2 protein chains.
Amino acid sequence: MGKIAVIGCGLIGQGWASVFAQAGYDVAMYDTSSQAADRAIVSMQTRISDMAEFDLIAAADAPMILNRIKIRPSIEQTLDGAVYIQENGPECVDTKKKITETLDAVADENVPIASSTSGISASRYCENISGRHRCLVVHPINPPHLIPAVEIVPTPWTAPEIVSAAKDLMIRCRRETIVLKEEIDGFVVNRLQGALLEEAFNLVGKGIVSAEDLDKAICDGLGLRWSFMGPMQTIHLNAPGGIAQYVERYAKMYRDFGIGANDATDWTSIVNDTLQDEFENKTPVAEIPDAQLHRDRKLMALLRHKAQDAPDPSII
Amino acid sequence: MGKIAVIGCGLIGQGWASVFAQAGYDVAMYDTSSQAADRAIVSMQTRISDMAEFDLIAAADAPMILNRIKIRPSIEQTLDGAVYIQENGPECVDTKKKITETLDAVADENVPIASSTSGISASRYCENISGRHRCLVVHPINPPHLIPAVEIVPTPWTAPEIVSAAKDLMIRCRRETIVLKEEIDGFVVNRLQGALLEEAFNLVGKGIVSAEDLDKAICDGLGLRWSFMGPMQTIHLNAPGGIAQYVERYAKMYRDFGIGANDATDWTSIVNDTLQDEFENKTPVAEIPDAQLHRDRKLMALLRHKAQDAPDPSII
């Protein structure tokens with residue numbers, strides 16, 4: 001399948017190495033600290049055997065998967081023959097710039113240089129790098145070996161073929177890709193999390209509800225559906241006429257809560273311009289009753305799973 | 001165990017009737033339309049047999065549970081001997097006021113009159129009702145027979161004993177209670193959902209991401225953890241030093257996204273004033289590594305469940 005270079009052997013680098021090796025790639029890993037690199041191998045053994053215990057990989061495959069991952073002593077050896085580079089350095093613009101310059105100087109032409117950064121848009125460090133057309137962010141959610149979603153964020157200079165190559169590779173690695181059309185601070189995942197947290201802190205800070213009870217609103221409430229259905233599809237199924245009718249019925253109510261920063265976000269125009277057609281293609285309004293039944297069956301299967309996977313009261 | 005009155009035989013009333021009957025209560029249901037009441041019985045048969053199919057109730061118990069639910073022809077007969085009333089009328093202040101006046105006139109003294117309303121604070125219709133001390137909102141999440149979370153929202157006049165009685169009853173019915181200390185538009189659940197949706201519409205409306213990809217950020221990303229752990233406990237485990245350290249590291253980043261409406265929400269003060277102690281009691285910082293391992297095991301168990309509960313591409 002080819003070889004992938006993973007730069008940085010911390011938890012994120014380790015998670016990526018497991019993902020790539022599971023998909024059949026050889027993985028070369030590098031860290032400026034050789035101790036960190038040694039620890040990574042031990043830690044990945046644990047991860048991979050845990051995954052086998054939970055049937056996420058076949059137990060018989062575990063040694064082979066681990067065997068695909070090698071620590072290399074230099075950037076040159078790590079990048080030699082690599083078809084894709086995943087960089088997991090510290091969250092600092094100057095460091096990213098330095099690392100990326102080095103990677104760009106050493107890597108074969110047109111090999112994507114993807115950063116795992118959760119907060120730094122790649123344009124902030126790659127503008128003056130000669131290979132900026134192959135730089136982008138491919139942001140996993142922690143822990144990367146377990147959470148399938150990854151965000152792919154091009155800079156204004158990233159070549160479309162580089163975005164496609166990164167996306168195709170992620171799909172081969174059984175990741176769920178979220179492709180951003182342009183950079184925005186926080187990308188999508190952390191902006192959604194931030195919006196929820198902002199309102200959570202608002203409610204707890206005003207003394208309306210305890211943090212413990214607030215958590216139940218998600219883990220015994222909204223989070224159940226959201227573990228198998230996104231928030232947009234959720235509202236599409238929450239009105240007999242689909243998302244357009246949901247917005248017609250409830251947009252004003254939500255607006256009156258005074259939550260959003262941006263008064264210019266007009267749900268009605270957005271739904272009329274694009275969403276109504278997009279969702280009609282995905283789940284036509286005529287099929288909503290069937291989709292609701294299906295959703296409730298998935299909810300029941302999840303509740304059965306939760307009852308069997310007995311909760312530990314210390315952390316739930 | 002006693003008898004509970006359910007007013008209104010629509011989907012919410014039906015869901016409640018299943019919840020109460022499962023917990024062992026006799027349930028008397030009333031609807032102004034006798035046709036709606038008849039349809040409710042048929043619909044509840046399906047619900048209860050679906051739940052048995054998914055092991056959420058024992059198949060042998062299903063007929064007994066259904067048998068506890070009776071349609072009554074008048075408010076008087078429905079309320080006779082009831083220890084708790086759950087009202088599921090239309091979402092209209094005037095209608096709520098009328099219904100609640102009638103219930104208050106007929107019901108035994110100090111029996112809680114709880115409304116399922118998702119949007120109307122009870123103070124908006126009960127101020128001039130003589131039994132306003134026993135009126136409150138007990139808001140389920142649809143479908144009520146499957147989602148455990150319920151919000152309990154007192155008015156300024158609701159007696160503390162009424163709140164306690166409603167909470168105790170909900171706990172006996174194996175509901176997860178979110179108790180609000182005061183009324184706020186949208187309560188907690190819909191405000192959290194609204195905050196997430198507002199940012200979702202913002203991102204999709206600006207063309208940053210498609211709705212389909214945005215949905216993946218939740219159902220293949222954040223929503224996995226949130227199905228068994230709330231957003232506050234999630235961030236407590238996302239920094240080695242717990243929630244206080246998480247806020248120290250990331251509050252400014254989230255603030256810079258410009259998401260929240262309320263610039264006065266100061267995460268740092270809130271965490272220092274209350275959350276740090278609350279979470280130290282719940283999951284001491286020293287136990288965070290163990291709690292992280294436990295979280296990852298729950299995540300793996302969920303991924304195995306999702307892989308087995310094969311997704312239907314038409315709705316996911």
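Taking B:LEU237 as the residue in question, decide whether it is more than 7 Å from every other protein chain (Cβ to nearest Cβ) and within 27 Å of A:ASP50 (Cβ to Cβ). Spell out how you get there, then give the answer.
Working: more than 7 Å from every other protein chain (Cβ to nearest Cβ): yes; within 27 Å of A:ASP50 (Cβ to Cβ): yes.
The answer is yes for B:LEU237.
Taking the options A:ILE184, A:ILE162, A:ILE171, name whichever one is hydrophobic (A, V, I, L, M, F, W, C) and within 7 Å of chain B (Cβ to nearest Cβ).
A:ILE184
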Name the residues in region B:56-86 that are out of contact with any Leu (no Cβ under 9 Å at 6 or more places or on another chain), closer than 22 Å to B:ILE147 by Cβ and either not assigned by TED's automatic domain parsing to the domain that holds B:ARG172 or not hydrophobic (A, V, I, L, M, F, W, C) (or both), would you? B:ASP61, B:ARG68, B:GLN86
Which numbered condition B:GLY223 misses (of (1) farther than 22 Å from A:VAL150 by Cβ; (2) in contact with a helix residue (DSSP H, G or I) (Cβ under 7 Å, 6 or more places away or on another chain); (3) facing another protein chain (nearest Cβ under 7 Å)): (1)
Being more than 20 Å from A:ALA211 (Cα to Cα), among the hydrophobic types (A, V, I, L, M, F, W, C), facing chain A (nearest Cβ under 9 Å) and crowded, with 21+ Cβ neighbours inside 10 Å narrows it down to one of B:ILE259, B:ILE243, so name that one. B:ILE259
Would you point out the residue of region B:48-103, among those that are among the hydroxyl-bearing types (Ser, Thr, Tyr), assigned to a helix (DSSP H, G or I) and in contact with a helix residue (DSSP H, G or I) (Cβ under 8 Å, 6 or more places away or on another chain), that is surrounded by the most Cβ atoms within 10 Å (Cβ to Cβ)? B:THR100
Can you spot a residue in region B:204-215 that is at the interface with chain A (Cβ under 7 Å from one of its Cβ atoms), farther than 16 Å from A:THR265 by Cα, of a type outside the set (D, E, K, R) and assigned to a helix (DSSP H, G or I)? yes
Just the residues that are outside any helix (DSSP H, G or I), under 17 Å from B:THR100 (Cβ atoms) and touching a helix residue (DSSP H, G or I) at 6+ places or on another chain (Cβ under 7 Å), please, taken from region B:126-151. B:ILE129, B:SER130, B:GLY131, B:CYS135, B:LEU136, B:VAL138
Would you mind finding the one in B:VAL150, B:VAL163, B:VAL179, B:VAL138 that is under 12 Å from the mean Cα position of the chain (by Cα), surrounded by fewer than 24 Cβ atoms within 10 Å (Cβ to Cβ) and either farther than 25 Å from A:TYR254 by Cα or not small (Gly, Ala, Ser) (or both)? B:VAL179
Looking only at region A:265-298, and only at residues there that are in a loop (DSSP other than H, G, I, E, B) and either touching a residue at least 40 places away in the same chain (Cβ under 8 Å) or within 9 Å of chain B (Cβ to nearest Cβ) (or both), the one that is surrounded by the fewest Cβ atoms within 10 Å (Cβ to Cβ): A:ASP266
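The values are calculated or read from the model by the stated rules, or taken from the named source; none is laboratory data. As the structure is a computational prediction, the values presented were derived from the model and not from experiment. Glycine gets a Cβ as well: all are built from the backbone with ideal geometry, and neighbour counts include every protein chain shown.
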